[in-house]
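Visitor: Structure below; questions to follow.
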Amino acid sequence: MRLFTLNRLRATYDELGFAKTLVLIIDRLLRALDPASGLYLYQFVAQPLTAQPRLALNRAKAFSFRSISTPDPLLLALGRPAAVIAQRFAQGAQCLAALKDEQLVGCIWFVRGHYAEDEVRVDYWLPAGDAYVWDFDVFVVDSHRLSLLFPKLWDAFDALLKAEGVVYTLSRINSLNQRSLASHRSLGAADCGWAMFLRLLSFELMVSNLAPYVGAGRLKRQALHLAPLGQARGK
């Protein structure tokens, strides 16, 4: 099975560098052998909520925003399995939906306390208190990716949560997704840890620069405690 052409491999190396290109190749090989296997490299970031909006209030006024905390037909447009959506709400997650003409055009999911990862077996725990949330599955429809929706969505997110005392939002990003990393860093996000997961069928091995640093097993869920750099992590 030919996983990369030479030109594509060179382009990937130029974009990601040696280490991340090697991670990508190993991941592709594992998935080719069995779809239940893979290699995941995650970067964790902490993003401060902004005091001032990124856009003037009179810009991108065609969009409206709605906080959703229970299953809603609007979310069908995301294309996520119903079981995934149900699992998110079951752990207390909410969805800030961006609408245009009453159609879903974007969203940010977020949860307080901790988040159960759905790609590998790990739970991310935030520091105690109301100052932190975990965001995930930031989505903008293709037709609006070059519009002002992305900054407007984050402005709505910041305004909603700052009113509730939130100071930081934390998230995990696929380290091979350079575009997503750049987008978060352009919003002020700073790195606060990383983790790599090797999955071989039901067996998973975790290596991280966060305690407990190493974990392995066939059923056990790992736990990582995260916080912005320089701040105490939850227990």
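The values are calculated or read from the model by the stated rules, or taken from the named source; none is laboratory data. Just so it is clear, the model here is predicted, and its values are computed rather than measured. Because the Cβ atoms are built from the backbone with ideal geometry, glycine has one as well, and the counts that use them run over all protein chains shown.
Visitor: Specify the residue that is nearest to V207 (Cα to Cα); the eligible residues are those in the range 41-79 that are of a type in the set (K, R) and without any contact (Cβ under 8 Å) to a residue 40 or more places away in the chain.
Guide: Keep residues of the range 41-79 that are of a type in the set (K, R), which gives 54, 59, 61, 66.
This time we only want the ones that are without any contact (Cβ under 8 Å) to a residue 40 or more places away in the chain, so: 61, 66.
Values: K61: 45, R66: 38 Å.
Here the answer is R66.
Visitor: If a residue must be surrounded by 17 or more Cβ atoms within 10 Å (Cβ to Cβ) and within 12 Å of the chain's Cα centre (by Cα), how many such residues does the range 108-132 contain?
Guide: The number of residues fulfilling the criteria is 7.
Visitor: Are there any pairs, at least 6 apart or on different chains, whose C-beta atoms fall under 6 Å, with the first in the range 188-199 and in the same structural domain as R121 (by TED's automatic domain parsing) and closer than 19 Å to P228 by Cα and the second among the aromatic types (F, W, Y) and surrounded by 21 or more Cβ atoms within 10 Å (Cβ to Cβ), and if so, which?
Guide: Within 6 Å, the pairs are C192/F44; G193/F44; A195/Y42.
Visitor: Then there's this: Could you figure out which of (1) without any contact (Cβ under 8 Å) to a residue 40 or more places away in the chain; (2) under 28 Å from A223 (Cβ atoms); (3) out of contact with any Cys (no Cβ under 9 Å at 6 or more places or on another chain) isn't true of W109?
Guide: Here W109 meets the rest and fails (3).
Visitor: When the range 1-58 is examined, which residues are found to be among the hydroxyl-bearing types (S, T, Y) and either farther than 26 Å from L126 by Cβ or in contact with a strand residue (DSSP E or B) (Cβ under 6 Å, 6 or more places away or on another chain) (or both)? Let's see the steps before the verdict.
Guide: Initially, the range 1-58 is screened for residues among the hydroxyl-bearing types (S, T, Y), giving 5, 12-13, 21, 37, 40, 42, 50.
Matches in the range 1-58: T5, T12, Y13, T21, S37, Y40, Y42.
Visitor: Residues being in a helix (DSSP H, G or I), free of Cβ contacts under 8 Å to residues at least 60 places away in the same chain and among the charged types (D, E, K, R): count how many of those fall in the range 1-26. Write out each step before concluding.
Guide: Here is the first cut: in the range 1-26, the residues in a helix (DSSP H, G or I) are 6-26.
Next cut, free of Cβ contacts under 8 Å to residues at least 60 places away in the same chain only: 6-14, 17-19, 21-22, 25-26.
Filter once more, so that each one left must be among the charged types (D, E, K, R): 8, 10, 14.
The number of residues fulfilling the criteria is 3.
Visitor: Here are some residues: F65, F110, F89. Which one is under 24 Å from G193 (Cα atoms), aromatic (F, W, Y) and in the same structural domain as A211 (by TED's automatic domain parsing)? Before you say what the answer is, go through the steps one by one.
Guide: On the way: F65 fails: under 24 Å from G193 (Cα atoms); F89 fails: under 24 Å from G193 (Cα atoms).
Criteria check complete, one pass: F110.
Visitor: Another question, if that's okay. Check K61, K152 and return the single one that is farther than 30 Å from A223 by Cβ and surrounded by 19 or more Cβ atoms within 10 Å (Cβ to Cβ).
Guide: Values: K61 fails: surrounded by 19 or more Cβ atoms within 10 Å (Cβ to Cβ).
Exactly one of K61, K152 is farther than 30 Å from A223 by Cβ and surrounded by 19 or more Cβ atoms within 10 Å (Cβ to Cβ), namely K152.
Visitor: Return only the number of the condition from (1) buried (at least 16 other Cβ atoms within 10 Å of the Cβ); (2) free of Cβ contacts under 8 Å to residues at least 24 places away in the same chain that G38 does not satisfy.
Guide: If we test G38 against (1) buried (at least 16 other Cβ atoms within 10 Å of the Cβ); (2) free of Cβ contacts under 8 Å to residues at least 24 places away in the same chain, just (2) comes out false.
Visitor: Also: Report yes if V214 is free of Cβ contacts under 8 Å to residues at least 40 places away in the same chain, surrounded by 13 or more Cβ atoms within 10 Å (Cβ to Cβ) and either in contact with a helix residue (DSSP H, G or I) (Cβ under 6 Å, 6 or more places away or on another chain) or of a type outside the set (F, W, Y) (or both), otherwise no.
Guide: Working: free of Cβ contacts under 8 Å to residues at least 40 places away in the same chain: yes; surrounded by 13 or more Cβ atoms within 10 Å (Cβ to Cβ): no; either in contact with a helix residue (DSSP H, G or I) (Cβ under 6 Å, 6 or more places away or on another chain) or of a type outside the set (F, W, Y) (or both): yes.
Answer is no for this residue.
Visitor: Check whether at least one residue in the range 27-34 is over 18 Å from N174 (Cβ atoms), acidic (D, E), without any contact (Cβ under 8 Å) to a residue 12 or more places away in the chain and surrounded by fewer than 15 Cβ atoms within 10 Å (Cβ to Cβ), and report yes or no.
Guide: The initial filter retains those residues of the range 27-34 that are over 18 Å from N174 (Cβ atoms), namely 32-34.
The next check asks that each one be acidic (D, E); those that pass are 34.
Still in the list and also without any contact (Cβ under 8 Å) to a residue 12 or more places away in the chain: none.
Scanning the range 27-34, I find no residue that is over 18 Å from N174 (Cβ atoms), acidic (D, E), without any contact (Cβ under 8 Å) to a residue 12 or more places away in the chain and surrounded by fewer than 15 Cβ atoms within 10 Å (Cβ to Cβ), so the answer is no.
Visitor: Can you give me the number of residues within the range 190-221 that are of a type in the set (V, I, T) and under 29 Å from T50 (Cα atoms)? Full working, then the answer.
Guide: Within the range 190-221, the subset of a type in the set (V, I, T) is 207, 214.
Checking the rest, the ones that are also under 29 Å from T50 (Cα atoms) come to none.
Residues in the range 190-221 being of a type in the set (V, I, T) and under 29 Å from T50 (Cα atoms): 0 in total.
Visitor: Hey, among L176, L170, which residue is touching an Asp or Glu at 6+ places or on another chain (Cβ under 9 Å) and part of a strand (DSSP E or B)?
Guide: Values: L176 fails: part of a strand (DSSP E or B).
Going through L176, L170 in turn, just one is touching an Asp or Glu at 6+ places or on another chain (Cβ under 9 Å) and part of a strand (DSSP E or B): L170.
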